[in-house]
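Data block below; observations after.
Nothing in this text is a laboratory measurement; each read-out follows from the coordinates by a stated rule. What you are looking at is a predicted structure, and each value in this text was computed from that prediction instead of being measured. Every residue, glycine as well, gets a Cβ built from its backbone with ideal geometry; the counts of neighbours run over all protein chains shown.
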Amino acid sequence: MTAATETGHPNVLAKAVREGIFAGVISFFMFLLFVGVETYQDINNALVWRTRWGLLAIFVLVAAVSRFLTVGFIKPHIDRRKLAKAKSGVLEISEQKNFFHRHFLKIALIFLLVYPFLSLLIVGKQGSLKYVDNFGIQILIYVMLAWGLNIVVGLAGLLDLGYVAFYAVGAYSYALLSSYFGLSFWLLLPMSGVLAALWGIILGFPVLRLRGDYLAIVTLAFGEIIRLVLINWTDVTKGTFGISGIAKASFFGIWSFDTGSANSFVKAWGLSASSVYYKIFLFYIILALCMLTAYVTIRLRRMPIGRAWEALREDEIACRSLGINTVTTKLTAFATGAMFGGIAGSFFATRQGFVSPESFVFLESAVILAIVVLGGMGSLTGIAIAAVVMVGGTEVLREMSFLKAVFGPDFTPELYRMLLFGLAMIIVMLFKPRGFVGSREPTAFLKERRAVSGSFTKEGHG
Amino acid sequence: MAAENLLKVEAVETYYGNIRALAGVDVEVNKGEIVSLIGANGAGKSTLMMTICGSPQARTGAIIFDGEDITKLPTHLIARRRIAQSPEGRRIFPRMTVYENLQMGAGLDNLKYFSEDVEKIFTLFPRLKERQSQRGGTLSGGEQQMLSIGRALMARPKLLLLDEPSLGLAPLIVKGIFEAIKKLNKEEGLTVFLVEQNAFAALKLSDRGYVMVNGKVTMSGSGKELLANPEVRAAYLEGGRH
């Protein structure tokens, strides 16, 4: 270790101070209008504005201090560690993994299986509602959606910005067919998958010749079309009012979760009435659906169609010259991805008991896509981690009342959700440009299995 | 020699929009031959190659393969007639491993002969065996070319189309690749249609050759004849002996 790399070196500190001030100035101008000025309606219902210099000062201070710390202390520390590592000759990528690393998937699955009971045990019936529903089910829905989109974007390399359309098709399929025809959840679950897949093919046909940016724009428009149809076709969809009172899922037709019914689950098991049992039941359904999605994806990747998807992402012309029918390959990718979106949608409808077009805005598509990209396109584990971070993170934000101590009493963390979201994405993309898990597991190997290192893999070019 | 005709290109014209890239091309390839097509940049060599593969399709004329008219077939169906191609720019799958790339080549038979054929490719190009679990995009140019040819061979082709296999490669590697092509032709009777700028090496390897200028075939003959032809020598060989 040479003296030049010591933290206290004047050059480093001077640089840190400089950069800290610079960051402060930039953030001052950046947040001046967003944070420094606030509009509100006064007593006469007129829109007036006031300044919030205090809050702005806090924002600027946070930016300046964190930049100062990053440049002055954190970065030299990381550099020194890297240098020491390089000197000691230990390779960055070590073959030896610790116990947790090796059995990560098993541990995660076991944790998920006991999760509802764990929360029931720790925080009781009423408290666990939040953990099972807001965290568990919510995150798993996004995991399933992201895994479904992963087939289209991650494997086949077709950038789809309107994925939420299939989610909407699934949700409305269930909502409409169950309230008009009284069909059961277990019948409609696969049916909405099929219907969404059909819509996937309908979207697929016109965009067969498109790639990249052009494809993205058309899929974006498709998503909006579906939403606008849902809003305006009021006779059937009830427009913006949405459809409420959607039937709950039954315990495979044996017991019902409606409190008044004769074969109520609660009565049959002699339990005290609580909605937590239904939530736990839903948790296991969505967990099973997620596992199904993962299983199908893993299996398909090893089959000719899955290999064709990946080859299509790499090089369409080469695919054709190898005798792959790119038309059917693209359509099956769209259909398969859409099917999982639709199934997730019908689950969403039964869980909410209410659907309206508001749940299927473009932002949802963007969030799902962000999860796929953050997780590392094509990696199921990475995507699941990203879903936990992104969706769980926003839920956690609601709980962070201590932030009020820093930013003042009328600070509502949820409102900064998108700001933090963006910040998190920038940070992840800067430090892990290929997502949390950037490596791609080969599906075929002769003797040894070796992951294709993330630093070699190219971003999908959509 | 009663050569059996495998590929026959008859008066083919290909257009890019309104621009005519091929102006009535006639080319024949017989079974078991190595035929090369030489010409300057922009002569239409690669266009002819792509036209045989159906992308773009010929506007007029006919392409007959093994007695069947394939002029208007889509690319993937032409490939299923066992015309394998190592396209210009190699076009291997960069994120997939060497092994997976080869697997993609064997898709036509649903991997029925895969393990048998992959050994053959590894004997032909031992470098690929060493690199089998490496990602395609991390290979050197020569290795990528070997992979591209290897992938094409995995389809058990009746006709192998090679578009500029020597492009951007060191002479020693080019020599190795050409030797491999010769070996395949001799030992397995593989028919090869080769597009090359490296006229000397290509003609030396070939049974017959065509010279293309401005979208037309201007000369044809055996490889030796063309090599000896003073016009060919002046245009493609003198001063350009690679």
Per-pair calculated FRET efficiency, R0 = 30 Å: A:Arg102 and A:Val65 via Cβ, rounded to 0.05: 0.15
Which of rounded, prolate or oblate describes the protein assembly as shown when judged by the alpha-carbon gyration tensor and an a/c cut-off of 1.5? prolate
Tally Lys/Arg at +1 and Asp/Glu at -1 over every other residue whose Cβ is under 11 Å from the Cβ of B:Ile173; what's the total? 0
Residue by residue through region A:74-86, what is 3J(HN,Hα) from phi via Karplus (6.51 cos²θ - 1.76 cosθ + 1.60, θ = phi - 60°)? Round to whole Hz and write x for glycine and proline. 5, 5, x, 4, 5, 4, 5, 5, 4, 4, 4, 5, 4
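On average, how many beta carbons from a partner chain sit within 10 Å of the beta carbon of a residue in B:69-81? Don't skip to the end; give the middle numbers.
Values: counts 0, 0, 0, 0, 0, 4, 9, 11, 3, 3, 7, 4, 1.
Across the residues of B:69-81, the mean count of other-chain Cβ atoms within 10 Å is 3.
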Which listed residue (B:Ile177, B:Gly215, A:Thr237) has the Cα farthest towards the positive end of the charge dipole for the protein assembly as shown, taking +1 on Lys and Arg C-beta and -1 on Asp and Glu C-beta about the Cα centre? B:Ile177
Counting only the backbone N, which residues of region A:46-81 are under 13 Å from the spot 7 Å out from the Cα of A:Leu415 toward its beta-carbon? A:50-52, A:55-56
What does the charge add up to near A:Leu203, with Lys and Arg as +1, Asp and Glu as -1, over the other residues with Cβ less than 15 Å from its Cβ? +2
Over the Cα atoms, compute the radius of gyration (one decimal) and Dmax (the largest Cα-Cα distance, rounded to a whole number) for region A:284-376, in Å. 16.0, 50
Students often get this wrong: which residues of region B:7-51 have the backbone nitrogen under 17 Å from the point 7 angstrom along Cα-to-C-beta of B:Leu167? B:37-51
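Test of understanding: ordering A:Leu120, A:Leu105 by Cβ neighbours within 10 Å, fewest first, what list do you get? Working shown, then result.
Numbers: A:Leu120 18, A:Leu105 12.
Least crowded to most crowded, the residues run A:Leu105, A:Leu120.
When the Kirkwood radius is taken over all Cα pairs of region B:1-152, what Stokes-Einstein diffusion coefficient follows at 4 °C and 1.567 mPa s, in µm²/s? The partial results should precede the final answer.
Numbers: Rh = 16.9 Å.
Answer from the Stokes-Einstein relation: 76 µm²/s.
If you place +1 on the Cβ of every Lys and Arg, -1 on the Cβ of every Asp and Glu, and leave all else neutral, what size is the dipole of region A:7-88 about its Cα centre, to the nearest 20 Debye? Intermediate results must be reported in sequence, preceding the final value.
Details: 11 positive and 4 negative charges, 155 e Å.
I would put it at about 740 debye.
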Dipole magnitude of the protein assembly as shown about its Cα centre (Cβ charges: Lys, Arg +1; Asp, Glu -1), debye to nearest 20: 1520
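Could you sort out which of B:Lys8/B:Lys224; A:Lys85/B:Lys129; A:Lys82/A:Lys432 sit more than 26 Å apart by Cα distance in this structure? Don't skip to the answer; put the middle values down first.
Details: B:Lys8/B:Lys224 22 Å; A:Lys85/B:Lys129 33 Å; A:Lys82/A:Lys432 17 Å.
The pairs that break the limit, which is 26 Å between Cα atoms, are A:Lys85/B:Lys129.
Could you work out the Rg to Rh ratio of region A:7-88, with Rh taken as the Kirkwood radius (inverse of the mean 1/r over all Cα pairs)? Display every interim value, and only then the final one.
Numbers: Rg = 19.3 Å, Rh = 15.0 Å.
Ratio value, two decimals: 1.29.
Given a cut-off of under 8 Å on Cα pairs at least six residues apart, what relative contact order in percent is computed for chain B? Present the calculation step by step, with values, prior to reporting the outcome.
Values: 463 pairs, mean separation 65.3, N = 242.
Worked out over chain B, it gives 27 percent.
Roughly what % antiparallel, to the nearest 5, for the DSSP beta bridges in the protein assembly as shown?
Details: 32 of 52 bridges.
Expressed as a percentage, antiparallel bridges in the protein assembly as shown total about 60.
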Distance between region B:199-223 and region A:316-368 - C-alpha centres, whole angstrom: 51
Viscosity 1.306 mPa s, 10 °C: Kirkwood-radius Stokes-Einstein D of region A:220-374 over Cα pairs, µm²/s: 84
Starting from the Cα-Cα distance between A:Phe362 and A:Leu198, subtract it from 0.36 nm times their residue separation and give me the gain in nm to one decimal. 57.0 nm
Would you work out the relative contact order for region A:7-88, in percent, from Cα pairs under 8 angstrom that are 6 or more residues apart? 41
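Kindly put B:Glu231, B:Glu225 in sequence by how many other C-beta atoms sit within 10 Å of each C-beta, fewest to most.
Working: B:Glu231 11, B:Glu225 14.
Ordered by Cβ neighbours within 10 Å, fewest first: B:Glu231, B:Glu225.
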Using Cα-Cα distances under 8 Å and only pairs 6 or more residues apart, what relative contact order does chain A have, in percent? 21
Using R₀ = 41 Å, calculate the FRET efficiency as 1/(1 + (r/R₀)^6) where r is the Cβ-Cβ separation of A:Leu183 and A:Phe22; round to 0.05. 0.10
Shape category assigned to region B:91-157 from the gyration tensor of Cα positions, a/c cut at 1.5: prolate
For the B:Glu187, B:Asp66 Cβ pair and Förster radius 25 Å, calculated FRET efficiency rounded to 0.05 is 0.70
